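The values are calculated or read from the model by the stated rules, or taken from the named source; none is laboratory data. Everything numeric here is computed off the predicted structure, so don't read it as measured data. Cβ: placed from backbone, ideal geometry, glycine included. Neighbour counts: every protein chain shown. Side chains included, ligands, DNA and RNA excluded: accessible areas come from the protein's heavy atoms. Shrake-Rupley method; radii C 1.70, N 1.55, O 1.52, S 1.80 Å.
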Amino acid sequence: MKYGLYIDYDWCSGCHACELACKQENDLKLDQWGIRVIERTYQAEDKRVIEYIPIPTEYCNLCVNRIAQGMKPACVHHCMTKCMDFGPIEELSKLVEKKKKSVIWGSNK
Amino acid sequence: MKEIIKADKIVKTITWSAGPGCHGGCGVFIHVKDGKLIKMEGNPDHPYNNGRLCPRALTIKDFIYHPDRLRTPLRRAGKRGENKWEKISWDEAYDMLEGKMTGIRDQYGAESMIFVQGTGRNVGGWLLLAAYSYGSPNWLQGGLTGNSCFHPRLVCMRMTQGDYAVPDCSQFFQERYDHPEFVLPECIMIWGQNPANTCNDGFMATWIIDCMKRGSKTIVIDPIYTWVASKADLWLQIRPGTDGALALGLLHIIINEKLYDREFVENWTHGFDKLAERVQEYPPEKVSQITWIPKEKIIEAARLFARSKPASIQWGVPVDLAPEGAQVANSVIHLWTITGNIDVPGGMAIARMAYDVPPYPMSKEAIAKYYGDVMPPEQMAKRIGTDVYPVAREFHWRAQADMTLQAMLTDKPYPIKGAWIAGNNILTSAANPRKYQKALNRLDFIAISDVFMNPTIVALADLVLPAGSMAERDGIRAWWTPLNAMQKAIEVPDCKPDEEVCLEMARRFNPDLKWKSLRELYDDFLKPSGLNYDQLKEKGWVFPPEGHPTQPYRRHEKGLLREDGKPGFNTPTGKVELYSTHLERMGYDPLPSYEEPHMSPYSTPELARKYPLILSTGRRSILYFHAEHRNIKALRELEPHPVLEIHPKTAASLGIQDEDWVWVENQHGRCKRKAKYLNGIDPRVVQTPHGWWLPEKKAEDLFGLWEVNINQLIPDGTQAKCGFGGGQYKSIMCKVYKAEEGIQGIYQKESLL
C-alpha cells in the first residue's frame with residue numbers, strides 16, 4: 001500500500017506550523033525545510049483570492065518513524081486548521097473526489 | 001534519514017507564557033532526554049488545542065537553549081545603558097531585591113514601588129502576590145496607554161452584563177464540537193481580530209476557523225483584506241478607529257428594522273428605549289461616511305447578524321483602542337445582547353475561571369478573596385488612578401498606566417522610586433517609549449525579570465533576574481476553562497520560574513503570609529475544585545461539572561450568576577444594562593456614543609495635510625509575540641524584517657517600490673520599515689507590526705531600538721474619559737518616504753546568503 005499526504009488548501013491559513021513542526025521533528029538546519037507554504041493571490045470572478053499551499057520538499061520522508069508508532073506525520077499532527085491528513089493514497093483519493101482545492105502529495109513509501 | 005531520539009520521559013503540561021509567550025493554554029507533551037527538552041508536541045486529547053501547536057511553541061527548544069538566554073542573575077556594574085554587569089548568585093539577588101525594596105518602603109512608603117507586568121502572562125498573579133505582600137497596590141501593565149488591552153472590554157462586560165463572555169466554540173466541554181448541548185454558531189462576527197494569525201485572552205482563535213469549516217457564516221470587520229476576510233461571507237473594510245460608529249450603526253438598523261430578540265429584550269434588558277433613541281443619531285448614511293464602509297454592506301451585515309441564531313462576536317484589541325474604547329465595547333455588548341445571544345449555546349457564553357480558581361485574577365472579588373488579606377484597605381486606596389477614575393476604583397484592579405507614567409515624572413500624587421518589571425520589554429512595547437525611558441530613569445531602583453537581554457534591561461535595569469520558561473514551571477492555570485496543572489519538565493541551571501521568585505519575596509516582605517511553599521499555595525487555591533495539586537497534575541485538566549456556576553448555559557435563568565441566587569444578571573437591575581446605571585451614578589454618559597480619533601483626516605485636517613496616511617500599528621504575526629522571538633532564527637527566516645504594508649498605488653505615488661526601506665514619520669517621531677505591497681489595504685491607510693528591536697545588533701546601541709520602534713509615533717495620555725480605552729496605536733496619522741539607506745547589520749535570510 002502506498003501512502004501520501006492529503007492537503008485541503010482551501011483551508012490552509014498560512015500559519016507555518018507544518019514547516020516548523022517538520023523542522024523540530026527532523027532536526028533540520030536553518031535553511032532546510034521538509035515542507036514550505038507558498039502564498040498566492042489573484043483575482044477570481046467575484047472576489048480576490050488569497051491562497052496558501054503547503055508543498056512537501058526533498059526532505060519530506062512522511063515521518064516514517066512516527067507512522068511506525070501509529071502517529072501522524074508532525075505536520076499533520078500540528079496543523080492549526082486541520083487541513084492536512086495522512087493515509088493510504090487509495091483512501092485519500094476518495095477525499096479529493098469530494099473537495100475542490102485539495103491535493104494528494106504522493107510518495108514511493 | 002535521521003533516527004528519532006527516544007525520550008526518557010514525556011511530561012504532560014500546558015503552555016503559558018515564556019516560550020510561546022502568549023495567553024493560551026495549549027496541552028502539550030514535553031519530550032525529555034538526559035534532562036533536556038528535545039521536543040514539544042501538541043496533546044491531541046487536550047480540549048484547548050486538540051494536538052495543534054503554533055510556530056512559537058514548535059520552536060521552543062531554540063528558545064530554551066538559545067545561546068543568548070540569561071543564565072544567571074546580574075547586578076549592574078557600569079552606568080545604566082553601558083551593558084556592564086556583574087554575575088551574582090540567586091541569594092545575592094534576593095538580598096539585593098529585598099534590601100532595595102525595603103529601603104524604598106521605609107523612606108517613601110510601599111506605594112512608591114510599582115510592579116509592572118507586560119501582557120497577560122502567568123507571572124501576573126504571582127507578581128500581584130509579591131506586590132501586595134510588600135504593601136504596594138500599584139500592579140499594572142506598564143506602557144499600555146488607556147489600559148487598552150482587554151481591560152476596557154472586561155470592565156464594560158462586568159458593568160453592563162455582570163460577567164465576562166466569549167464566543168461559544170464548544171471550549172467548555174471535553175468533547176468539544178460533538179457535545180450534545182453545543183450548537184454551532186450560525187454566524188460569527190469577527191471584529192478587529194485575525195484568527196489566522198493570533199489567539200487572544202484565553203481563546204484559541206483557530207476555534208473560529210473550526211466553526212467556519214463546519215459551516216458558520218462570518219462577517220469580518222477589518223481594514224485589511226486578510227485570508228479570513230477572503231473566506232468570509234461579508235467583509236467590512238473599516239477606517240481604523242471608527243469601530244464605535246459602526247457598532248452604533250448596526251444597532252440602529254437592527255432596532256429600526258425590528259430584527260432584535262423582543263422576548264429577551266423585554267425580560268432581560270434595562271433601558272432599551274433609551275438606547276433605541278440614542279442610536280437614531282447613527283443612520284447608515286452617516287455611519288458609512290464616518291467608517292468608509294458602503295452603506296449597503298453595513299445594512300447587509302446587520303441583517304445577517306441579527307437573523308442568525310445563534311450568533312457571536314469575536315472581538316480584538318482595536319475595540320479597546322478606538323477612542324472612548326469603553327463606549328465601543330458597550331456598543332458591541334449591546335449587539336449580542338439585543339439579539340438574544342448571551343448565555344446561550346453557540347452564542348456568547350458567560351465565561352468564568354473554571355471553579356473560580358484565580359491564578360490570574362480578573363476581578364476585584366477574586367483578588368479580595370484570595371490575595372486580599374495580605375494588604376490593608378487604606379493602602380489599597382492609594383492605587384494610582386482610582387481617585388480620578390471611579391470605574392477603575394470599582395471595577396478594576398490595576399494602576400492606570402498613563403497616570404503612573406505621569407507620577408514617575410512629576411512625583412504626583414506621590415513619588416515613584418522603584419520598579420519590579422517582569423516580562424515587559426517596556427521601551428519596545430510602550431506608547432511614547434522615550435518618555436518612559438526618561439521617567440523610569442528617574443527611579444532609584446529597577447529590577448527586571450526576563451528570559452533574554454533586551455533594550456529595556458540594558459537601558460534601565462539595576463538587577464536582572466533570569467526567568468524560567470513554561471517548561472521549567474510547576475503551576476496552575478484557569479483562564480476560563482479547563483482548570484489545568486502545569487508541570488515542570490526540565491531545569492535550566494540558575495534560571496528560576498517567576499512563581500518561585502515572587503513567593504520567596506512575598507514571604508520575605510510578609511512573614512505572616514499563609515503559604516510557606518508553592519505547593520501549599522496551589523493546594524489552597526485549588527480547594528474549590530475539590531482537588532489538590534498532585535491530583536490535578538495526575539488528571540492534567542478538569543472541567544467543572546454540569547450545573548456548576550462556572551459552566552454554561554442559561555445561568556441567568558437558573559439563578560447561578562448572582563450572589564443572592566436570584567435569576568438574572570449580576571448588575572444592579574438584574575438585567576443587561578443597555579442604559580448603564582453604574583456609568584450614570586459615576587457621572588458618565590450611560591449610553592454609548594461615537595468619538596472621532598484624536599488625530600484623523602477629519603479631527604485634525606491641518607495636520608493631515610502634513611501627515612496624510614492613516615497608520616494602523618500592532619498588526620499581529622503568528623511568528624512573534626509582541627516584542628519576543630526576533631532572535632529565534634527559524635522564525636526570523638520567515639519574517640526577517642519589520643514591514644510597512646502599503647497599497648501599490650500609494651507606494652507608486654511616493655516613488656516607493658516593494659521592499660524599499662522607508663521612514664514612517666509624524667510629529668511624535670519616526671522609524672524605519674521595509675515597504676511591502678498589499679493589495680488588500682485602503683490606499684489611504686498603511687499598516688505595520690509593533691514590537692520590533694534587533695537582537696542581532698549591539699546591546700550598547702539598545703539593539704537598534706530607536707531605528708525600528710514604531711511606538712515612537714504613538715503618544716501617551718490619550719485615554720478615554722473613564723480611563724479605559726483609547727490610545728492611538730491603530731489610528732494615528734503619518735507620512736512615508738524613501739530612506740536613503742536600509743539598516744546596517746540587520747538579519748539577512750540564511751537562504752539568501
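Worth pointing out:
- If you model the protein assembly as shown as an ellipsoid using its alpha carbon gyration tensor, with each semi-axis the square root of five times an eigenvalue, the axes come out at 35, 35, 30 Å, biggest first.
- Amide H contacts under 5 Å for B:Met733: B:Leu615, restricted to partners 5 or more places along the chain or on a different chain, H placed in the peptide plane at 1.01 Å from N.
- Lys pairs, the range A:3-105 - Cα-Cα below 16 angstrom, 8 or more residues apart or on other chains: 4
- Total lysine pairs in the range B:611-720 at Cα distances under 26 Å, for residues eight or more apart or on different chains: 13.
- In order through the range B:174-187: 3J(HN,Hα) via Karplus (6.51 cos²θ - 1.76 cosθ + 1.60), integer Hz, x for Gly, Pro: 4, 6, 6, 4, 8, 4, x, 7, 6, 10, 5, x, 6, 8
- Considering all different alpha carbon pairs of the range B:181-256, the Kirkwood hydrodynamic radius works out to 13.3 Å.
- Taking amide H positions as modeled 1.01 Å from N, with prolines and chain starts lacking one, the residues under 5 Å from B:Met353 and 5 or more places away or on another chain are B:Trp480.
- Paired Rg and Dmax values of the range A:3-105, which use every Cα atom, in angstrom: 14.0, 46
- Legend: mean number of C-beta atoms from other chains within 10 angstrom of residue C-beta atoms, peptide A:20-33, equals 6.
- Long-range HN-HN contacts of B:Ile14 with modeled amide H, under 5 Å: B:Val28, B:Gln487
- Along the axis of the charge dipole computed for the protein assembly as shown (Cβ charges of +1 for Lys and Arg, -1 for Asp and Glu, origin at the Cα centre), the listed residues B:Met157, B:Val685, B:Leu275 are led at the positive end by B:Val685.
- Peptides B:211-222, B:76-87, B:691-702, B:645-656, ordered by how many other C-beta atoms sit within 10 Å of their residues on average, highest first, read B:211-222, B:691-702, B:645-656, B:76-87.
- 3J(HN,Hα) along the range B:657-669, derived from phi through the Karplus expression 6.51 cos²θ - 1.76 cosθ + 1.60 where θ = phi - 60°, amounts to 9, 3, 6, 5, 7, 10, 9, 10, 9, 8, 5, 8, x Hz, with x in place of Gly and Pro.
- Rg and Dmax over the alpha-carbon atoms of the range B:605-752 stand at 15.4, 51 Å.
- Counting only other chain Cβ atoms within 10 Å of each residue's Cβ, the peptide A:68-79 averages 3.
- Positive minus negative residues near B:Asp68 (Lys, Arg vs Asp, Glu; Cβ under 14 Å): +3
- The protein assembly as shown: calculated mean residue ellipticity at 222 nm from DSSP helix runs of at least 4, using -39500 (n - 2.57): -8000 deg cm²/dmol
- Helix axis angle, A:89-98 relative to chain A longest principal axis, alpha carbon, degrees: 20
- Atom-type composition of the exposed protein surface of the range B:379-534 places 47 percent of the accessible area on carbon and sulfur (1.4 angstrom probe).
- Of the trypsin sites (Lys or Arg not before Pro) found in the range B:505-556, those that fall in a DSSP loop while having at most 15 other beta-carbon atoms within 10 Å are B:Lys514, B:Lys516, B:Arg554.
- Counting every pair of alpha carbons in chain B, the share spaced more than 36 Å apart comes to 40 percent.
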